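Below is one structure, written out as structure tokens; the observations come after it.
The values are calculated or read from the model by the stated rules, or taken from the named source; none is laboratory data. All of these numbers come straight from a predicted model, not from anything done at the bench. Note that each Cβ is placed from the backbone with ideal geometry, even for glycine, and that neighbours are counted across all protein chains shown.
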Amino acid sequence: MWEVIVIGGGPAGYTAGIYAARANLAPLVFEGGQPGGQLMITSDVENFPGFVDPITGPDLMMAMRGQAERVGAKILTQDVTAVDFSRRPFKVAAGADEYLARAVIISTGASARWLGIPSEQKLMGRGVSACATCDGFFFRGKRVAVVGGGDTAMEEALYLAKMCESVTVVHRRDALRASKIMQERALRHEKIRFEWNALVDEIVGEEHVTAIRLKDARDGTTREVAVDGVFVAIGHSPNTALFKPFLACDENGYVKVTPGTTRTSVEGVFAAGDVQDHVYRQAVTAAGTGCMAALEAERWLAAMEAEAVAT
């Protein structure tokens, strides 16, 4: 029996672990088989408070992880495979092992979306990627394309421009969704060009990517752009499949929480980070809600204990 189990190991999960441990709740944190969340595929982080110089996403996550362990959180590098929130204590399973918890904090984040075309899967790992910092090294001096128009796409493009011959940003509209500063950096970069009003019709190649075929969103005409790699950066989907049978989620799959809190539709279950945030989706806001979830779990547990004593 654990007082608190945290499911997820990004900035929200590690922060929840830090605060829960400091509240003497001795939390168990399942960081997953790929710990660290989305920041593990982020290069320089310039907007997390406390760092005068940029810090890499992996370095920031490892620092958070180490801090959580130092203050008393137990961290398991395992994926949670099943949960049961229908009754208390809650059940959390990781493979054949089952754990009981009085309170649960969900911080499983969100995963990259893909284009959904057959050639994308066929050429995955052979020129198609969703992680520039993971795979950019293999495209040094080569031509690549980045698909998307948000902050993630601009960050990928700027990172790749440091090492690639050229970067072509493919966007389905004629204006970017990215923040103004990211737009300005990408638009003025000499190695980055833009294909506006363009949809990815096909990724061309047999053994490796050789080109990307684009379809004009206005007139339907197609054209090919020669590239050696394609990086897909078109957004994310919340990792909520395990929880949907028990928790209220919105039309896009994000866990619903009571506004201004991290409380879900099940009393004693809290949600933090990108799994419940489709508006801000920043490391600092994820960490903030991780703090909120731990504090709310602590207060809820204290209230349950006081109620039990009173009866």
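Tabulated results
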read-out	value
Matching residues, segment 214-240, being assigned to a strand (DSSP E or B) and within 16 Å of HIS171 (Cβ to Cβ)	LEU214, LYS215, ASP216, ARG223, VAL225, VAL230, PHE231, VAL232
Extreme residue, surrounded by the fewest Cβ atoms within 10 Å (Cβ to Cβ), among residues of segment 221-249 that are more than 27 Å from ALA132 (Cβ to Cβ) and in contact (Cβ under 8 Å) with a residue 12 or more places away in the chain	ALA248
Pick from segment 1-21, criterion of a type in the set (Gly, Ala, Ser) and in a loop (DSSP other than H, G, I, E, B), ranking: nearest to MET154 (Cα to Cα)	GLY10
Hits in segment 137-158 (condition: more than 13 Å from ALA178 (Cβ to Cβ) and touching a residue at least 60 places away in the same chain (Cβ under 8 Å))	PHE138, PHE139, LYS142, ARG143, VAL144, ALA145, VAL147
Conditions (1) at positive phi; (2) at pLDDT 95 or above: number failed by ASN239	(1)
Single match in ILE203, ILE212, ILE181, ILE192 (criterion: β-branched (Val, Ile, Thr), surrounded by fewer than 18 Cβ atoms within 10 Å (Cβ to Cβ) and farther than 30 Å from THR264 by Cα)	ILE181
Pick from segment 50-72, criterion outside any helix (DSSP H, G or I) and within 19 Å of the chain's Cα centre (by Cα), ranking: surrounded by the fewest Cβ atoms within 10 Å (Cβ to Cβ)	THR56
Unmet criterion (only one of (1) assigned by TED's automatic domain parsing to the domain that holds ILE18; (2) polar (S, T, N, Q); (3) in contact with a Ser or Thr (Cβ under 9 Å, 6 or more places away or on another chain)) for THR133	(1)
Residue that is farthest from ASN47 (Cα to Cα), among those in segment 256-284 that are among the polar types (S, T, N, Q) and at pLDDT 95 or above	SER265
Residues that are among the small types (Gly, Ala, Ser) and either on the phi > 0 side of the Ramachandran plot or at pLDDT 95 or above (or both), drawn from segment 40-69	GLY50, ALA63, GLY66, ALA68
Residue identified as outside the structural domain of GLY13 (by TED's automatic domain parsing), hydroxyl-bearing (Ser, Thr, Tyr), closer than 29 Å to TYR280 by Cα and in a strand (DSSP E or B) among THR152, THR210, THR168	THR168
Any hit, segment 22-37, residues being over 20 Å from the mean Cα position of the chain (by Cα) and part of a helix (DSSP H, G or I)	yes
Residue within segment 241-261 that is more than 24 Å from GLY148 (Cα to Cα), of a type in the set (Ser, Thr, Tyr) and not in a strand (DSSP E or B) present	yes
Subset of segment 73-116 [assigned to a loop (DSSP other than H, G, I, E, B), touching a residue at least 40 places away in the same chain (Cβ under 8 Å) and of a type in the set (Lys, Arg)]	ARG88, ARG113
Test result for SER119, assigned to a loop (DSSP other than H, G, I, E, B), touching a residue at least 24 places away in the same chain (Cβ under 8 Å) and more than 18 Å from the chain's Cα centre (by Cα)	no
Identity of the residue in segment 262-275, part of a loop (DSSP other than H, G, I, E, B) and out of contact with any Asp or Glu (no Cβ under 9 Å at 6 or more places or on another chain), that ends up surrounded by the most Cβ atoms within 10 Å (Cβ to Cβ)	ALA272
Odd one out for THR289 among (1) loosely packed, with under 15 Cβ neighbours inside 10 Å; (2) under 16 Å from the mean Cα position of the chain (by Cα); (3) β-branched (Val, Ile, Thr)	(1)
